[in-house]
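Student: If you scroll down you'll find the structure; I have some questions about it.
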Amino acid sequence: MIARRPSLRSLMRTRLLPWMAVPLILLLAGLCVFLARSRLDGVREQDSLLAASLARYVENYLEGATSALGYLNRLHALAGGRTTMAAAVRSLQSDLRFERILLLDADNIVTEAFPAGRPGLDFPLYFPGSGERTNIISQPLFSAETGAMTIFMRHRDESGRSVVGELDLGHLQKHLGQFARPSLAEVIILTDAYGNVIAHPDEELVRRQANLGGLPLL
Amino acid sequence: MGSLSRLFPMLALATLLLVPACSSEPVVIGFLGPLEGRLSDLGVQGRNGAALAVEDINAAGGVAGHPLLLRPMNDANDETEGRAAVRALGQRGAVAVVGPMTSAVAVAVQPQAAALGLAVVSPTVSTAMLSGRDDNFFRVIPTGSVWASSLGRQCRADGLTRVATVCDLDNAAFALSQVEHFMAAFTAAGGVEAADIRLHGARQRSWSDVAERLLASRAEAVYAALSARDLALLARDLRLSGAEIPIYSSMWAFTQEILQAGGRSAEGIVFAAGYDEGNPLPAFQDFKRRYRNRFGHAPSFAASYGYEAVQVLAQALGRTRGNADGLVQALKTLGPVQGVQGPLRFDAWGDVQRPYYHFTIRDQTFVTLRELQP
């Protein structure tokens, strides 16, 4: 009895198709991965450009704030009068960058506070490792005065006299939020060097002093 | 049919090649503490210490092959919020809770956690109200009444005869017991109570009236069972009034916040604490260095004990293969565990015995005055 030779159609169905299917699927999958990675690389590049621009913007924002404190410090050294200082501080506060501004003598005692506080005590904030640097930014901390998270900035002159500003983080967050495109679900997060959240669209994370330092991204 | 039956295994193989291997299910641990507002120094430091321990354990392979996942919840130092947070943790699959950080919340949530079958390991709750009970509550900090008594005796030994106390009823389970033990030891040694001020820290808008009452009582010293921020504000108002009145404090205020918020007004405050800030153990020094590098500031007792609470829990979870079932029993029979502050071991009631210390603040730094044995 002669065995019937399988037809071409049958061979295609039973042998060729299954063995072609796997490489085809792998090829398609590889193509998808390649396209996805290309797109991801594009997004990453765009993200890193945006992050670099934002970092520069934040730097400028903080530099502007410390320059303003430095200006107040020089004015304080020259004029010193409460009225002059109050006018200068009011002008500075009009851009909503600071919640509070304090003038300290060389012994770190508060001589004036805007809004009015109770002078005569030392400014307690400890700037770890600040040494003799002129401009210092504190880590994010809870402000007993405002009941919110804040950052303090200090400008100190050669005589040791300082001006300290309590930043309004809500204002900073609002500024940063303008760079995010909600249509692309973009989120802009600002942390310090250790991943402690300074600004985040989810304000709860700022209030809870969340730390994102464990994320691979950081 | 035959061709399809051969096609399916090949497709399955291809799928396996393409889909990355799924990692094993994480073991969820809840964290409970005040993460916002005036008491956040305890909660945030405790959470950070616990997070660092979780990272270390996961880097070493996790627990029985499962990574740990920490779910922090804010209890706002409120009993109702605390109970709601425990309920939410139970619903989200937590097998245990690290926390709470304050005694008032611990007393409130312990029965609910027990009903949900959750073991509770607190880093900082030292109230005697949870001592000597065969339950699901464990802690890595020793019971605090002995510290307060030692400070009462020390205050008298420092030559003081009239002392006023200030007690925050927002954490009454801790603060009341501290004040009572302090005053009992002080009066037993011949001292006199000048005033007994009880208040709610959360409602206190100004501390100047408290300072005035203290001065009006002609107290020679103050013993405070207040949080760090509240004690800092009171100390500043006392200094502002020109009074050089010595301040003794419970461990509650023994965090970096007292230095940050109190400044020079906090210099000289004497604390009693079941924690060794100057512990020379290499494990503790290494922990301090790594914590600072990770979070940018020094760890307090809350961070150190938060780390230890996760260490202990992970060891017990290793015995139960990451399951909640049998976890309480595993904790009870755990044996000695090497914590960052030194070895610790739970007694039959889930409590620990550790030495305690008197500290003061000099040049914005905590300085050990003496070590005492329980």
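Student: Restricting to region B:340-374, and then to whatever is under 22 Å from B:GLY132 (Cβ atoms) and of a type in the set (Gly, Ala, Ser), can you tell me which residue is least open to solvent (accessible area, probe 1.4 Å)?
Tutor: B:GLY350
Student: Can you find a residue that is within 22 Å of B:ALA173 (Cα to Cα), more than 16 Å from the chain's Cα centre (by Cα) and in contact (Cβ under 8 Å) with a residue 12 or more places away in the chain anywhere in region B:89-97?
Tutor: no
Student: Before we move on, is B:ALA85 aliphatic (A, V, I, L, M), open to solvent by less than 20 Å² (accessible area, probe 1.4 Å), out of contact with any Ser or Thr (no Cβ under 8 Å at 6 or more places or on another chain) and at pLDDT below 95?
Tutor: It is false that B:ALA85 is aliphatic (A, V, I, L, M), open to solvent by less than 20 Å² (accessible area, probe 1.4 Å), out of contact with any Ser or Thr (no Cβ under 8 Å at 6 or more places or on another chain) and at pLDDT below 95.
Student: Please give the helices (runs of 4 or more DSSP H) falling wholly within region A:1-117 in which 2 or more residues are modelled with pLDDT under 80 and under 28 Å from the mean Cα position of the chain (by Cα).
Tutor: By residue number, A:82-93.
Student: Any idea which of B:LEU169, B:LEU176 is in contact with a His (Cβ under 8 Å, 6 or more places away or on another chain) and open to solvent by 10 Å² or more (accessible area, probe 1.4 Å)?
Tutor: The unique qualifying residue is B:LEU169.
Student: With respect to the numbered conditions (1) assigned to a helix (DSSP H, G or I); (2) in contact (Cβ under 8 Å) with a residue 12 or more places away in the chain; (3) not hydroxyl-bearing (Ser, Thr, Tyr), which one is the sole condition not fulfilled by B:ASP56?
Tutor: It is condition (2) that B:ASP56 fails.
Per-residue answers, yes or no, for (1) surrounded by 17 or more Cβ atoms within 10 Å (Cβ to Cβ); (2) within 20 Å of A:TYR61 (Cα to Cα); (3) out of contact with any His (no Cβ under 6 Å at 6 or more places or on another chain):
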site: A:THR150; (1), (2), (3): yes, yes, yes
site: A:ASP168; (1), (2), (3): yes, yes, yes
site: A:HIS171; (1), (2), (3): no, yes, yes
site: A:GLU204; (1), (2), (3): no, no, yes
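Student: Looking at region B:20-36, is at least one residue within 14 Å of another protein chain (Cβ to nearest Cβ), over 20 Å from B:GLY350 (Cβ atoms) and of a type in the set (D, E, K, R)?
Tutor: Checked against the condition, which is being within 14 Å of another protein chain (Cβ to nearest Cβ), over 20 Å from B:GLY350 (Cβ atoms) and of a type in the set (D, E, K, R), region B:20-36 yields at least one hit.
Student: Of all residues in region A:141-168, which are in contact with a strand residue (DSSP E or B) (Cβ under 9 Å, 6 or more places away or on another chain), within 14 Å of chain B (Cβ to nearest Cβ), outside any strand (DSSP E or B) and farther than 18 Å from A:ILE109 by Cα?
Tutor: Once the filter is applied, which keeps residues that are in contact with a strand residue (DSSP E or B) (Cβ under 9 Å, 6 or more places away or on another chain), within 14 Å of chain B (Cβ to nearest Cβ), outside any strand (DSSP E or B) and farther than 18 Å from A:ILE109 by Cα, region A:141-168 yields A:SER143, A:THR146, A:ALA148, A:ILE151.
Student: So, in region A:124-142, exactly how many residues are at pLDDT 75 or above, in contact with a Gly (Cβ under 9 Å, 6 or more places away or on another chain) and more than 17 Å from A:GLU59 (Cα to Cα)?
Tutor: Looking only at that region, the number is 1.
Student: Report whether or not B:TYR223 is open to solvent by 10 Å² or more (accessible area, probe 1.4 Å) and either farther than 30 Å from B:THR187 by Cβ or touching a residue at least 60 places away in the same chain (Cβ under 8 Å) (or both).
Tutor: no
Student: Another one. Where residues in region B:111-138 are farther than 13 Å from B:ASP75 by Cβ and of a type in the set (S, T, N, Q), which of them is surrounded by the fewest Cβ atoms within 10 Å (Cβ to Cβ)?
Tutor: Ranking the candidates gives B:SER131 first.
Student: With respect to B:LEU39, is the statement that it is more than 17 Å from B:VAL312 (Cβ to Cβ) and not in a helix (DSSP H, G or I) true?
Tutor: When the stated conditions are applied, B:LEU39 does not pass them.
Student: If I filter region A:17-28 for residues that are under 29 Å from A:ILE189 (Cα atoms) and open to solvent by 60 Å² or more (accessible area, probe 1.4 Å), do I get at least one hit?
Tutor: Scanning region A:17-28 turns up no residue that is under 29 Å from A:ILE189 (Cα atoms) and open to solvent by 60 Å² or more (accessible area, probe 1.4 Å).
Student: Considering region A:173-202 alone, what residues qualify as being open to solvent by 40 Å² or more (accessible area, probe 1.4 Å), of a type in the set (A, V, I, L, M, F, W, C) and within 13 Å of chain B (Cβ to nearest Cβ)?
Tutor: Within region A:173-202, A:ALA193 is the sole residue that qualifies.
Student: Using beta carbons and a limit of 6 Å, which pairs, at least six apart or on different chains, have the first residue in region B:249-278 and farther than 11 Å from B:ILE361 by Cα and more than 10 Å from chain A (Cβ to nearest Cβ) and the second one charged (D, E, K, R) and outside any helix (DSSP H, G or I)?
Tutor: Close Cβ pairs satisfying both conditions: B:GLY274/B:ARG354.
Student: Turning to a different aspect of this structure: Hey, can you tell me all the residues within region B:27-50 that are buried (at least 24 other Cβ atoms within 10 Å of the Cβ), out of contact with any His (no Cβ under 6 Å at 6 or more places or on another chain) and among the aliphatic types (A, V, I, L, M)?
Tutor: B:ILE29, B:LEU32, B:LEU35, B:LEU39, B:LEU42, B:VAL44, B:ALA50
Student: I've got another one for you. From (1) farther than 15 Å from B:ALA272 by Cα; (2) in contact with a helix residue (DSSP H, G or I) (Cβ under 8 Å, 6 or more places away or on another chain); (3) at pLDDT below 95, pick out the condition that doesn't hold for B:VAL166.
Tutor: Among (1) farther than 15 Å from B:ALA272 by Cα; (2) in contact with a helix residue (DSSP H, G or I) (Cβ under 8 Å, 6 or more places away or on another chain); (3) at pLDDT below 95, B:VAL166 violates only (3).
Student: Okay, next question. For region B:54-73, indicate whether the set of residues that are under 14 Å from the mean Cα position of the chain (by Cα), at pLDDT below 95 and either away from every other protein chain (no Cβ under 14 Å) or open to solvent by less than 40 Å² (accessible area, probe 1.4 Å) (or both) is non-empty.
Tutor: The answer is no; no qualifying residue exists.
Student: While we're looking at this one, here's another question. When you check B:ALA211 against the structure, is it outside any helix (DSSP H, G or I), within 14 Å of chain A (Cβ to nearest Cβ), of a type in the set (Gly, Ala, Ser) and free of Cβ contacts under 8 Å to residues at least 40 places away in the same chain, yes or no?
Tutor: no
The values are calculated or read from the model by the stated rules, or taken from the named source; none is laboratory data. Just so you know, these numbers come straight off a predicted model, no measurement behind them. A quick note on method: Cβ atoms are made from the backbone with ideal geometry, for glycine too, and the neighbour counts reach across all protein chains shown. Side chains are part of the model used for accessible areas, which takes the heavy atoms of the whole protein and leaves out ligands, DNA and RNA. Shrake-Rupley method; radii C 1.70, N 1.55, O 1.52, S 1.80 Å.
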